Every structure is written in C-alpha cells, then in structure tokens.
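Asks: Have a look at this one before I ask anything.
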C-alpha cells in the first residue's frame, strides 16, 4: 500500500505538470515558470509521501550538497551531448544554419527541468530504489532501464532503435549515477543537461518529440545509425557509446564506494540510505 501511494503521488504530479507545460510550450515564459513549479512541487510531494510512508529521512533528496550535485550532473550531460554532436558534425551530418531563438531556449529550461525531475523521481527514486531493495543493483538497473526505454515508445516519432538506445545510454547511465552517489540530484542534473543541450543549445529533436527551437537553428542528415533519424541524436550509435562508457564509469565508482547492493540485501540498502552521498 505504501508503494501504491508513492507511485500515485509522483505520477499524478508529473502527469498534470507535463500536460500543463506542454499546453503552454509555445509561450517560453509560461513554460519556464510552470516547468520550474512542476519540478519544485514534484520534489516536495516525493519528500512528503516517501518520508511519511517509509518513516525515514529522504536522504536521496537531501538539501545538503544538492546544488553541487545538480551542477556536476548538468555539466556532464552538456559535455556528453556536445561530444555526440561533435562526432556527428565531423562526419558532415550536422549543419548549423544560423542562430535560433533565445526565448525558445529559455522556455526549454523550464520544460526540460520539469521532465528531468519527474522522470528521475519515478524511474530512479521509486522504481530503481525499490527494486534494488529486493533484487540488488544490477537487476534494478536492468529493469528500470528497459522500462525507461519502453516508456519512450509512446512519443510521436518513436522507433524501436530509439527505445533501445534510451534504455542503454540513459536508463543505464542515470541508474548508475544514482547507485554511485545515492542522491537523485546528480541524475536529475545529468538528465536536464543532456536534454537541454540536445534541444536548447544544439536545436535537435529530443526522443522523437518533434523539432525544438534552441540557440542554434540546425538540422541533421545522413545515416539513421549516426544521426538517430526522426527520433533525434539520442538514437545515434554515438549516444549509445558515450552513455555506455559513462555508465561503466559510474558503476566502477559505485563499486569502489561499496554502493553495489547484492540480491536480497535490504539491510545493506538501509545502511546506504543513511550515507546520503
């Protein structure tokens, strides 16, 4: 019953907030405001519901160290996507036609912040964390990655390749980032940085959701395996490669810190929760 309340609360806020932000995405200032409010409200609801139902401090969303973790995650996400675009451009498959829209990029800050926070709370804060208690880190990583990729099959220009790519590069990387740090702030920043770089900076499609209006007016062409086609660069082999490499790095860090949870070791998870690292 506790799990049901947690899922219902977080999903409800994310769904309502997502619908509202989508409805006003043509107005960048409203998108910025409502996206930011969705992110803040989602964090508040998660803290309140999880704290009440589990009777513990919600260390995965501790205020201490939150700013630094968000900053580091955002930088990693932007740099990663920059590396993907650099490789696509090197092959001549990414063209910049001029400057895009500053106000469009500002609106995308709110839109992507709301999406990053709500998705991380659902997939890493609830799904990954709760599965890990019973089945261990690797099973939680596998299950949450597969479901995260499958969730993107409902997008407008979704492809099976895109869903597989999201599972590999994003589901794995974000779950591993949480396992390594035991905080949701770093994966939230990483998720936001990646998505904002993709849309707000480089002006490419995000997960098949259609064209965006970022700082650059750009387009991709060429092989779908290189550019990701209509789904966007997230379905590129380069995205999968860089995502897999970062996933491995985070898992190595998690192992070095003793954060990997063996199967059916709930007591180990409880101990890790007190670390809040």
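Asks: Can you report the number of residues in segment 149-175 which are crowded, with 24+ Cβ neighbours inside 10 Å and under 29 Å from residue 258 (Cα atoms)?
Replies: Result for segment 149-175: 9.
Asks: Looking for whichever is within 15 Å of the chain's Cα centre (by Cα) and either surrounded by fewer than 21 Cβ atoms within 10 Å (Cβ to Cβ) or at pLDDT below 95 (or both) here; the options are 267, 198. Which one fits?
Replies: Every option except 198 fails the conditions.
Asks: Give just the number: which of (1) free of Cβ contacts under 8 Å to residues at least 40 places away in the same chain; (2) under 21 Å from residue 39 (Cβ atoms) does residue 174 not satisfy?
Replies: For residue 174, the exception is condition (1).
Asks: Hey, another quick one. Only residues in segment 88-110 that are touching a residue at least 24 places away in the same chain (Cβ under 8 Å) count as the first member; pair them with residues that are in a helix (DSSP H, G or I) and surrounded by fewer than 13 Cβ atoms within 10 Å (Cβ to Cβ), Cβ under 8 angstrom, at least 6 apart or cross-chain, and list the lot.
Replies: 103/29; 106/29; 107/29
Asks: Starting from segment 116-127, keep only residues that are at positive phi and modelled with pLDDT of 95 or more, then list their pairs with residues that are surrounded by fewer than 24 Cβ atoms within 10 Å (Cβ to Cβ) and in a helix (DSSP H, G or I) whose Cβ atoms are within a distance under 6 Å, requiring at least 6 positions of separation or different chains.
Replies: Qualifying pairs under 6 Å: none.
Asks: For residues in segment 92-122 being touching a helix residue (DSSP H, G or I) at 6+ places or on another chain (Cβ under 6 Å) and not in a helix (DSSP H, G or I), which is farthest from residue 198 (Cα to Cα)?
Replies: 93
Asks: Pull out all pairs, ordered by first then second residue, where Cβ-Cβ is under 9 Å, the residues are six or more apart or on different chains, the first lies in segment 62-74 and is more than 17 Å from residue 109 (Cα to Cα), and the second is surrounded by fewer than 17 Cβ atoms within 10 Å (Cβ to Cβ).
Replies: Pairs found: 62/276; 64/276; 65/276; 65/277.
Asks: Can you pull out every residue in segment 201-229 that is within 21 Å of the chain's Cα centre (by Cα), over 24 Å from residue 28 (Cα atoms) and either modelled with pLDDT under 90 or not in a loop (DSSP other than H, G, I, E, B) (or both)?
Replies: Listed by number, the residues that qualify are 227, 229.
Asks: Identify the residue in segment 59-70 that is under 20 Å from the mean Cα position of the chain (by Cα) and not in a helix (DSSP H, G or I) and, among all such residues, is surrounded by the most Cβ atoms within 10 Å (Cβ to Cβ).
Replies: Residue satisfying both the conditions and the ranking: 62.
Asks: Quick check on my filter: what residues within segment 176-193 are more than 15 Å from residue 148 (Cβ to Cβ) and not in a helix (DSSP H, G or I)?
Replies: Matches in segment 176-193: 182, 183.
The values are calculated or read from the model by the stated rules, or taken from the named source; none is laboratory data. What you see is a predicted model, and the numbers here were worked out from it, not measured in a lab. All Cβ positions, even for glycine, are placed from backbone atoms using ideal geometry, and neighbour counts span all protein chains on display.
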